[in-house]
């Protein structure tokens, strides 16, 4: 997990909280290709076959969800895309 960049971690934390890639791009003010590339790069680094597997591996490895992500998950908030 130490191989992930800060941007990859921010994106993956939001994915783990249930946000869509489109919503993440809007929130972080980055392009969709940047979100897609960051997810692809993280999948390669973690040797994950899918986004779901990537999130599972990261959670098992101890990905710490930030306060915003935890609040979203606990309140059932999802941002559609």
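List of remarks:
- Selection within the stretch 31-67 - over 13 Å from the mean Cα position of the chain (by Cα) and either at pLDDT below 55 or in a loop (DSSP other than H, G, I, E, B) (or both): 31, 47, 48, 49, 61, 62, 67
- Among residues of the stretch 5-26, those that are out of contact with any helix residue (DSSP H, G or I) (no Cβ under 7 Å at 6 or more places or on another chain) and in a helix (DSSP H, G or I), counted: 4
- Residues that are surrounded by 15 or more Cβ atoms within 10 Å (Cβ to Cβ) and in contact (Cβ under 8 Å) with a residue 40 or more places away in the chain, drawn from the stretch 46-65: 46, 54, 55, 58, 63, 65
- Residues in the stretch 1-19 that are surrounded by 13 or more Cβ atoms within 10 Å (Cβ to Cβ) and over 9 Å from the mean Cα position of the chain (by Cα): 1, 4, 7.
The values are calculated or read from the model by the stated rules, or taken from the named source; none is laboratory data. The shown structure was predicted, so the numbers you read here are calculated from the model rather than taken from an experiment. Note that each Cβ is placed from the backbone with ideal geometry, even for glycine, and that neighbours are counted across all protein chains shown.
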